[in-house]
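The values are calculated or read from the model by the stated rules, or taken from the named source; none is laboratory data. Because the structure is predicted, anything quoted here is derived from the model rather than measured. Please note: Cβ atoms are built from the backbone with ideal geometry, for glycine as well, and neighbour counts cover all protein chains shown. Please note that ligands, DNA and RNA were not included when accessible areas were found on the heavy atoms of the full protein model with its side chains. Shrake-Rupley method; radii C 1.70, N 1.55, O 1.52, S 1.80 Å.
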Number of protein chains: 2
Amino acid sequence: MFIYTEELAGDIDTCQYRRMSNPQMLPILEADTGAETVPCCAPLSRQPLGAEDSERIAAMFKALGDPVRLRLFSLIASHEGGEACVCDIADVGVSQPTVSHHLKKLRDAGLVTSERRGTWVYYKVAPSVVAALAGVLDLNP
Amino acid sequence: MFIYTEELAGDIDTCQYRRMSNPQMLPILEADTGAETVPCCAPLSRQPLGAEDSERIAAMFKALGDPVRLRLFSLIASHEGGEACVCDIADVGVSQPTVSHHLKKLRDAGLVTSERRGTWVYYKVAPSVVAALAGVLDLNP
DNA sequence: ACTCTGTATTGATGTTCATCTATACAGAAG
DNA sequence: CTTCTGTATAGATGAACATCAATACAGAGT
């Protein structure tokens with residue numbers, strides 16, 4: 001399932017890996033930049049997370065830990081191109097300011113990025129961040 | 001990455017799937033029973049989650065959304081056999097009642113199960129639940 | 001300039017939550 | 001039965017959070 005760079009495995013918590021289904025290396029960079037790459041860790045079944053890694057990764061899980069945010073995220077992810085206008089996904093049963101608040105939280109967690117195009121704002125998933133999160137959960141490295 | 005039962009895909013949110021890396025079907029059952037099987041959904045990039053599915057799955061992400069709980073979970077998952085005594089993982093910087101509190105939350109979320117053996121209590125991961133969570137995050141179905 | 005629509009921010013409010021101390025419970029060993 | 005150790009529960013407290021109404025901001029069109 002995982003191809004894991006063994007030279008880093010026992011050395012430090014933060015290390016590189018790549019998924020077989022999405023074979024791209026993930027260099028270590030800042031998460032909240034919304035860039036292509038993210039810092040991540042070995043699957044949880046490999047080695048326990050350190051205190052700092054736990055903080056960083058838990059923040060991403062926490063962002064998905066609200067039903068409204070998870071729904072918004074899934075609406076973005078399942079939209080064509082992994083991108084959606086706010087106007088397309090705003091109907092989740094809460095007020096418009098609350099939708100905006102939750103989208104900001106998803107953005108701050110590095111799970112989505114936003115871009116204004118004229119009147120509308122488009123949100124898209126940050127694929128490698130999410131792949132890294134899924135990788136952390138992988139129990140069969 | 002995913003083999004997805006297409007006959008259910010467009011029909012309803014809750015549907016069956018299996019992972020290629022862990023090729024076992026996951027029939028639909030209760031999550032908090034701690035059983036082998038869990039109810040889960042298509043990857044988020046397939047279709048948006050419904051309101052009820054969002055509640056259920058967000059509860060699992062929320063359980064991993066605290067640094068202490070994520071560390072405890074990783075300590076359990078990375079222990080040999082995916083199982084650990086509380087005494088082995090209790091050193092995460094908070095008091096003993098707080099550790100117990102967090103372990104209960106992980107158990108209530110269906111992510112771990114617990115078993116008393118004599119004086120000690122052992123916690124182990126619920127693998128299919130975690131695999132299902134990882135599957136939900138998969139962006140390349 | 002003015003207005004209209006889409007999105008973000010501010011400030012307030014009630015709820016949830018993480019944490020602690022104190023205490024209770026369970027099993028083992030005297 | 002009593003004591004000791006490991007784990008869980010109860011209750012309290014301060015912080016974080018989800019939500020909303022009101023308001024501000026940004027572009028587009030008239």
So which lysines can A:Lys104 reach, going by Cα to Cα under 17 Å and dropping same-chain residues fewer than 8 places off?
A:Lys62, A:Lys124
Given Cα positions, please report Rg to Rh for the stretch A:70-111, the hydrodynamic radius being the Kirkwood one.
0.93
Net charge of neighbours whose Cβ lies under 15 Å from the Cβ of B:Tyr122, counting Lys and Arg as +1 and Asp and Glu as -1:
+1
Using θ = phi - 60° and Karplus 6.51 cos²θ - 1.76 cosθ + 1.60, couplings along the stretch A:43-48 (whole Hz; Gly, Pro as x)
x, 4, 7, 7, 8, x
What does the convex hull of the alpha-carbon atoms of the stretch B:100-141 project to on average, in nm²?
3.3 nm²
Roll a 1.4 Å probe over the protein heavy atoms and report the accessible area of B:Ile57 in Å², nearest 10.
0 Å²
If you stretched the chain out fully between A:Ser100 and A:Arg116, how much longer would it get, using 0.36 nm times the residue separation minus the C-alpha to C-alpha distance?
4.4 nm
Placing a label point 7 Å from Cα toward Cβ, how far apart in nm is A:Ala51 from its equivalents in the other copies, listed shortest first to one decimal?
4.3
To the nearest 10 square angstrom, how much accessible area does B:Ser95 have with a 1.4 angstrom probe?
60 Å²
Relative contact order as a percentage, the stretch B:49-141, C-alpha pairs under 8 Å and 6+ apart, gives 28 percent
